[in-house]
Amino acid sequence: MTAQLQFRDLTLGYDRHPAVHHLDGAVEAGALLAVIGPNGAGKSTLFKGIVGTLPPLAGRIERGGLAARDIAYLPQIADIDRSFPISVYDMVAMGLWRRAGLFGGIDAHAREEIRKAIATVGLTGFEDRALATLSGGQMQRMLFARLLLQDARVIVLDEPFTAIDAKTSADLLALVRRWHSEKRTVLAALHDNELVKAHFPQTLLLAREAVAWGSTGEVLTPQNLLKARQMCEAFDEHADACVQVA
């Protein structure tokens with residue numbers, strides 16, 4: 001299989017201070033990859049680099065011919081402004097923007113797509129609800145419906161199952177498995193090692209640099225997990241700044 005994402009000596013960070021160091025490796029097209037590591041390991045930073053919101057300090061990301069805007073991205077639910085005055089329907093409909101354009105009209109076919117996406121995630125009847133009225137699980141279902149409409153070949157999920165109920169997690173995991181069966185490339189930042197072992201065949205263990213990357217059973221060993229924790233604990237927050245590439 002060909003690589004969908006290729007990291008070449010990739011360093012990412014903020015204010016020229018690195019948070020992900022010298023990452024090399026490839027995510028194959030159609031892979032279902034868990035990205036795990038302690039808090040502060042650089043998981044969200046890596047995902048922001050993949051979707052193009054954070055430029056590399058050094059090295060590069062090759063996206064297999066895709067533009068960064070063509071990658072579907074689910075940020076952490078805590079990053080969503082739930083006070084924004086928008087309905088569930090309109091939030092889901094935003095998944096069509098890349099196809100219809102920011103000011104493109106929503107025709108009958110598009111309305112049917114939106115209806116199906118909302119029904120698929122179990123939110124029929126919630127179309128007119130405001131974001132502020134949703135539970136954490138309902139919010140995540142809505143965001144997955146938006147991902148369905150994006151119809152992307154690469155899907156990046158940042159902690160998609162955190163702080164939601166077991167039923168919602170199971171329903172959304174079924175969607176992840178569906179995407180995998182459709183040969184889409186899916187990356188998910190996760191904290192639950194048992195969930196990773198049960199559902200994700202490949203894992204990248206990150207601790208600001210790659211500790212291990214490969215089949216999940218070979219990566220999630222006690223020795224590797226201990227090493228990752230020790231590496232994050234030893235990280236120097238006052239390390240010298242990097243020179244950002246042009």
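Brief remarks on what is shown
- Residue in the stretch 72-90 that is nearest to residue 141 (Cα to Cα), counting only those that are modelled with pLDDT under 95 and of a type in the set (A, V, I, L, M): 77
- Residue check for residue 106: modelled with pLDDT under 95 and touching a helix residue (DSSP H, G or I) at 6+ places or on another chain (Cβ under 7 Å): yes
- Of the residues making up the stretch 133-175, those that are in contact with a Pro (Cβ under 7 Å, 6 or more places away or on another chain) and modelled with pLDDT under 95 number 0.
- Residue, farthest from residue 120 (Cα to Cα), within the stretch 167-178, restricted to residues that are free of Cβ contacts under 8 Å to residues at least 60 places away in the same chain and open to solvent by less than 10 Å² (accessible area, probe 1.4 Å): 168
- Matching residues in the stretch 197-214 - criterion: being among the aliphatic types (A, V, I, L, M) and either surrounded by fewer than 22 Cβ atoms within 10 Å (Cβ to Cβ) or part of a strand (DSSP E or B) (or both): 198, 204, 205, 206, 210, 211, 212
- Selection within the stretch 216-234 - open to solvent by less than 70 Å² (accessible area, probe 1.4 Å), small (Gly, Ala, Ser) and more than 21 Å from the chain's Cα centre (by Cα): 217
- The set of residues in the stretch 109-132 that are open to solvent by 20 Å² or more (accessible area, probe 1.4 Å), aliphatic (A, V, I, L, M) and modelled with pLDDT of 95 or more comprises 119, 130.
- Subset of the stretch 31-58 [open to solvent by less than 10 Å² (accessible area, probe 1.4 Å), over 17 Å from residue 207 (Cα atoms) and of a type outside the set (A, V, I, L, M, F, W, C)]: none
- If you go through the stretch 180-190 and keep only what is outside any helix (DSSP H, G or I) and surrounded by 15 or more Cβ atoms within 10 Å (Cβ to Cβ), you end up with 184, 185, 186, 187, 188, 189, 190.
- Yes/no for residue 143 being within 16 Å of the chain's Cα centre (by Cα) and surrounded by 19 or more Cβ atoms within 10 Å (Cβ to Cβ): yes
- Failed condition for residue 3, given (1) modelled with pLDDT of 95 or more; (2) closer than 15 Å to residue 155 by Cα: (1)
- Set side by side, the residues 213, 179 differ, and just one is more than 16 Å from the chain's Cα centre (by Cα) and closer than 30 Å to residue 22 by Cα, which is 213.
- Looking only at the stretch 68-78, and only at residues there that are more than 16 Å from residue 29 (Cβ to Cβ) and hydrophobic (A, V, I, L, M, F, W, C), the one that is least open to solvent (accessible area, probe 1.4 Å): 74
- When we screen 129, 153, 115, 111 for residues that are among the charged types (D, E, K, R), more than 18 Å from residue 76 (Cα to Cα) and touching a residue at least 60 places away in the same chain (Cβ under 8 Å), the only hit is 153.
The values are calculated or read from the model by the stated rules, or taken from the named source; none is laboratory data. Please read these numbers as outputs of a predicted model, since none were measured by experiment. Cβ coordinates were reconstructed from backbone atoms using ideal geometry, including for glycine residues, and neighbour counts include every protein chain displayed. These accessible areas exclude ligands, DNA and RNA; they are computed on the full protein's heavy atoms, side chains included. Shrake-Rupley method; radii C 1.70, N 1.55, O 1.52, S 1.80 Å.
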